[in-house]
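The values are calculated or read from the model by the stated rules, or taken from the named source; none is laboratory data. Just so it is clear, the model here is predicted, and its values are computed rather than measured. Every residue, glycine as well, gets a Cβ built from its backbone with ideal geometry; the counts of neighbours run over all protein chains shown. Note: areas computed on protein heavy atoms with side chains; ligands, DNA, RNA excluded. Shrake-Rupley method; radii C 1.70, N 1.55, O 1.52, S 1.80 Å.
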Amino acid sequence: MSLYARFAAAIDTVLDMLEAEGALPAGLNRANIAVEPPRDATHGDLATNAAMVLAKPAGTNPRALAALIQPKLAALPGVTAVEIAGPGFLNLRLDPEQWRDEMRAIFAAGADYGRSRQGAGVRVNVEYVSANPTGPMHMGHCRGAVVGDALASLLEYAGHAVTREYYVNDAGSQVETLGRSAHLRYREALGETVTIPEGLYPGDYLKPIGALLAAEYGNRYVGAAEAEWLPLFRARTVAAMMDMIRADLALLGIVHDIFSSEAQVQADGRVVAAIDKLRADGLIYEGVLEAPKGELPDDWEPVEMTLFRATQFGDDSDRPVRKADGAYTYFGNDMAYHAQKAETADLLVDIWGADHAGTVRRVQAAVRALTGGAVPLDVKLVQMVRLLRDGEPVKMSKRSGSFVTLADVVEEVGKDVVRFTMLTRRADAQMDFDFAKVVEASKDNPVFYVQYAHARIRSLGRKAVEAGIDVSAPADLGRLDAEELALVRLAAQFPRIVEAAAATREPHRIAFYLSDLAGAFHALWNRGNDDPERRFLLINDTETTLARLSLANAIGQIVRNGLAVMGVAAAEEMH
């Protein structure tokens, strides 16, 4: 149990004591009580809002309740003082040995320091990427892929049972177009000169597929009617494209557990089943939607369709699930697919591009209706990435025909740089990815700064061994001063950062925290530039060196743990 968790449990015990004494009503909701570092480090080591949270339901004022809590907190082992601040916050000062003990806890837990049981095995389905299988992965997909994969790892680290899922959009007009495009490349492979008409996929990536089909079928389908070859070419091309997509994602270290097929969802009758369930619940009707607000499109006309009462579940309009011609809408398919996922999950998380923001409420409404609210759907929107080189937009890829491929970017800057960079901003904020800046050896580049911290720590260990220091000898942590223990205080926040990031489903918080931790470590390291006695490695003072080496190794462990959650390898050395 981490230091913050220990003191949260201790505060809980204090509140139990007050309840037993009759000073506090029983059964008050304590869910919003927090134990965190004070905003101003001079105010102490820990702060709690317990009195602020409980005062109103307890029928008292926060400072009066804080005065009851204060002496009991002050009596806790390791607490040297408790002060009431402002309207009723409680600031705790700890014996420095508490932070040394936390260093020992970091070493004892190792790679598991920060791992949590917060998720309690709750089953979470995280669906991400789900790009149409019509081309190789491009940088428009990259950010969502990294955010989704890092979120899945974060939730696992916080104790959830996670399934990573990819929804293959292998039904509809776009895969019909893909099959026709592959047929042209097939004819081209047989020696015909072809021109790719507008509306088909022009990229060179379809040439190898056309060649494979030509080698297998010869000229059998050159002059055949489309109905004879389209289903085959569509299926074979989708399969080949999914192999390409899996390979591209593997470059980022991304592997999904499940690939679900839209065509299979339809074939299994799940759309019909979902609509029938909603109809049985009185949530489906035949009707006409209101005209769009503003100027009407020329082709708009009121048409009776099968509608879902989405407005009963928070949407701003009822939504069509089947058109007048009997075909199911995209929403009808999505609704059935989410119902399928909900059968084996307690929580659904979708990672979508920001251009899908308009469909969030309707799908959430459908999930609430189909699951009775038992399985929530959280949608994380990911903004676009603008690719730059020295501040100028990057030209498109010849291979793709219209975009920069993910494979090209990973090949140039590396998996770890791509993954870390994609998490250096909130997912819903736009991002510039400048090829020059993301590999820049500068403190302004968080990828470099965090990796450099870990490489420095590894280098320190090697240099200590070269200097003849027995790095396996026990360290006297009592030699660490207040400034050094301040770094431990920051390191000790990692478990609570993990839980907060998992609770909000925001993996970028790990990157932000690691940047802060690396900055604090570099600042401590740089003391030695002005004062040689403040260096980590002191040849003539083995005891202090061992203590500072232990401090550095504790920071290194936190960096490795955080990077592992992000899917980034820690650098052993940097040149």
Residues located in segment 114-144, provided they are under 15 Å from G159 (Cβ atoms) and open to solvent by less than 10 Å² (accessible area, probe 1.4 Å): G114, G119, V124, V126
Count - residues of segment 254-293 that are in a loop (DSSP other than H, G, I, E, B) and crowded, with 17+ Cβ neighbours inside 10 Å: 3
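When the residues of segment 513-531 are narrowed to those that are among the charged types (D, E, K, R) and open to solvent by 50 Å² or more (accessible area, probe 1.4 Å), which ends up nearest to the chain's Cα centre (by Cα)? Talk me through it step by step, then tell me what you get.
We begin by selecting, within segment 513-531, every residue among the charged types (D, E, K, R); these are 516, 527, 530-531.
Then drop every residue that is not open to solvent by 50 Å² or more (accessible area, probe 1.4 Å), which leaves 516, 530-531.
Details: D516: 19, D530: 40, D531: 41 Å.
So, considering only residues that are among the charged types (D, E, K, R) and open to solvent by 50 Å² or more (accessible area, probe 1.4 Å), the one nearest to the chain's Cα centre (by Cα) is D516.
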Residue in segment 451-463 that is in a helix (DSSP H, G or I), out of contact with any strand residue (DSSP E or B) (no Cβ under 8 Å at 6 or more places or on another chain) and among the polar types (S, T, N, Q) present: yes
Filtered residue count, segment 532-575, keeping only those that are acidic (D, E), at pLDDT 95 or above and either surrounded by 14 or more Cβ atoms within 10 Å (Cβ to Cβ) or part of a loop (DSSP other than H, G, I, E, B) (or both): 2
Enumeration of residues in segment 464-481 that are open to solvent by 40 Å² or more (accessible area, probe 1.4 Å) and assigned to a helix (DSSP H, G or I): V465, E466, G478, R479
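So if I check each of E156, E188, E216, E176, which one is assigned to a helix (DSSP H, G or I), of a type in the set (D, E), within 30 Å of A111 (Cβ to Cβ) and at pLDDT 95 or above?
On the way: E188 fails: within 30 Å of A111 (Cβ to Cβ); E216 fails: within 30 Å of A111 (Cβ to Cβ); E176 fails: within 30 Å of A111 (Cβ to Cβ).
Selected residue: E156, the only one of E156, E188, E216, E176 that is assigned to a helix (DSSP H, G or I), of a type in the set (D, E), within 30 Å of A111 (Cβ to Cβ) and at pLDDT 95 or above.
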Single unsatisfied condition, G172 versus (1) on the phi > 0 side of the Ramachandran plot; (2) surrounded by fewer than 18 Cβ atoms within 10 Å (Cβ to Cβ); (3) touching a strand residue (DSSP E or B) at 6+ places or on another chain (Cβ under 8 Å): (3)
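Looking at D315, D334, D346, D325, can you tell me which residue is acidic (D, E) and open to solvent by less than 30 Å² (accessible area, probe 1.4 Å)?
Numbers: D334 fails: open to solvent by less than 30 Å² (accessible area, probe 1.4 Å); D346 fails: open to solvent by less than 30 Å² (accessible area, probe 1.4 Å); D325 fails: open to solvent by less than 30 Å² (accessible area, probe 1.4 Å).
Going through D315, D334, D346, D325 in turn, just one is acidic (D, E) and open to solvent by less than 30 Å² (accessible area, probe 1.4 Å): D315.
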Selection from segment 487-512 of residues that are open to solvent by 10 Å² or more (accessible area, probe 1.4 Å) and among the aromatic types (F, W, Y): F512
Residue list for segment 323-378, restricted to those being polar (S, T, N, Q), modelled with pLDDT of 95 or more and part of a loop (DSSP other than H, G, I, E, B): T344
Those residues of segment 1-31 which are open to solvent by less than 40 Å² (accessible area, probe 1.4 Å), more than 16 Å from L46 (Cβ to Cβ) and not in a helix (DSSP H, G or I), in sequence order: L24, L28
